[in-house]
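A quick write-up on the structure given underneath.
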Amino acid sequence: MPTIDRQELDRLERRNLQLTILSAVFVLVLAGGLASFMYPLVFVHLDGDNWTMRVAFFAFCALTLLFVVYLFDRQRTFTKLKQSLLAELERNVALQIQASTDLLRTMPDQNHFWDRLSMEFRRALTMEKNLSLVLAKSNANSHVAAKDVQAAYSDAAKAMARRLRPTDSIYRLADGFFGVVLPETDTLNAKRVAVRLQESLQDVRTKYGLSFDLSAHNYPEHVKSSHELEDIVKSLLPEEKQWESPAEVSVG
């Protein structure tokens with residue numbers, strides 16, 4: 001969604017006010033000069049139909065004042081439009097933040113992630129299949145405005161979800177930390193998925209300045225037990241987000 005530069009709006013408002021004042025002064029000076037030339041003909045040198053001249057004189061003065069009033073009313077309308085535009089922008093931002101928060105809140109969390117990972121590991125172990133796990137963690141060096149954090153995480157989750165297969169699943173493990181379970185995926189394909197996910201996060205990086213570090217882990221190439229996968233995930237989790245491990249599933 002395109003953003004609005006408030007400083008640019010303020011600058012445009014100041015320039016519009018300056019133009020309005022300059023136009024009003026210019027009109028008043030010209031009208032005053034013309035009225036000063038008309039005054040002797042209308043009120044001093046009386047000749048012919050004086051009432052017609054006087055009506056024309058007063059009508060000219062009234063039109064001049066109405067035009068000046070119009071100029072300042074136009075400036076007032078511009079200010080109101082700017083204020084309503086900013087109010088609408090703030091409302092849309094608040095709605096976007098709320099929608100992002102709701103999306104993150106409804107995403108499968110740690111408990112769902114661990115249940116799925118345990119189930120897929122048992123399945124891979126029994127059927128002698130590959131199982132890969134891609135972890136995406138926001139970079140600590142990223143600089144994101146506090147009001148944009150939830151929106152950035154939400155956009156990142158949506159961007160990654162669009163690049164996954166129907167059999168894959170994504171989970172929110174913590175703020176800025178996502179886990180992607182890839183059943184029947186070997187190391188090479190897991191790394192390809194990680195590259196695709198990183199490409200999908202390019203827009204998030206451009207828009208919010210938020211980058212993610214992605215890592216791919218595979219059974220049986222990198223780990224031999226579910227406990228090892230758990231340790232990898234827990235090593236990247238914030239301390240308060242770690243959970244008790246279930247029973248280990250190991251080979252043999």
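The values are calculated or read from the model by the stated rules, or taken from the named source; none is laboratory data. Keep in mind that this is a model prediction, so the values were computed, not measured. All Cβ positions, glycine included, derive from the backbone under ideal geometry; neighbour counts span all protein chains shown.
Annotations
- Residue in region 77-84 that is of a type outside the set (D, E, K, R), part of a helix (DSSP H, G or I), surrounded by 14 or more Cβ atoms within 10 Å (Cβ to Cβ) and not assigned by TED's automatic domain parsing to the domain that holds Glu199 present: yes
- Members of region 200-234 found to be among the polar types (S, T, N, Q) and either modelled with pLDDT of 90 or more or in a loop (DSSP other than H, G, I, E, B) (or both), listed by number: Ser200, Gln202, Ser211, Ser215, Asn218
- Selection within region 149-167 - assigned to a helix (DSSP H, G or I) and out of contact with any Gly (no Cβ under 9 Å at 6 or more places or on another chain): Gln150, Ala151, Ser154, Asp155, Ala157, Lys158, Ala159, Met160, Ala161
- Taking region 55-109 as the range and being of a type in the set (S, T, N, Q), without any contact (Cβ under 8 Å) to a residue 24 or more places away in the chain and within 22 Å of Thr20 (Cα to Cα) as the test, the residues that pass are Thr77, Gln83, Ser84.
- Enumeration of residues in region 112-135 that are in contact (Cβ under 8 Å) with a residue 60 or more places away in the chain, part of a helix (DSSP H, G or I) and not basic (Lys, Arg): Phe113, Trp114, Leu117, Ser118, Glu120, Phe121, Ala124, Leu125
- Selection of region 186-201 for residues being of a type in the set (Val, Ile, Thr) and buried (at least 17 other Cβ atoms within 10 Å of the Cβ) yields only Val193.
- Qualifying position, being of a type in the set (A, V, I, L, M), farther than 15 Å from Ala152 by Cα, assigned by TED's automatic domain parsing to the domain that holds Ala145 and without any contact (Cβ under 8 Å) to a residue 12 or more places away in the chain, among Val181, Val193, Val223: Val223
To keep it simple, each residue is scored yes or no on (1) touching a helix residue (DSSP H, G or I) at 6+ places or on another chain (Cβ under 7 Å); (2) within 21 Å of Thr106 (Cβ to Cβ).
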| site | (1), (2) |
| --- | --- |
| Leu131 | yes, no |
| Gln150 | yes, yes |
| Arg172 | yes, yes |
| Asp175 | yes, yes |
| Glu184 | no, no |
| Asn189 | no, no |
| Val204 | yes, yes |
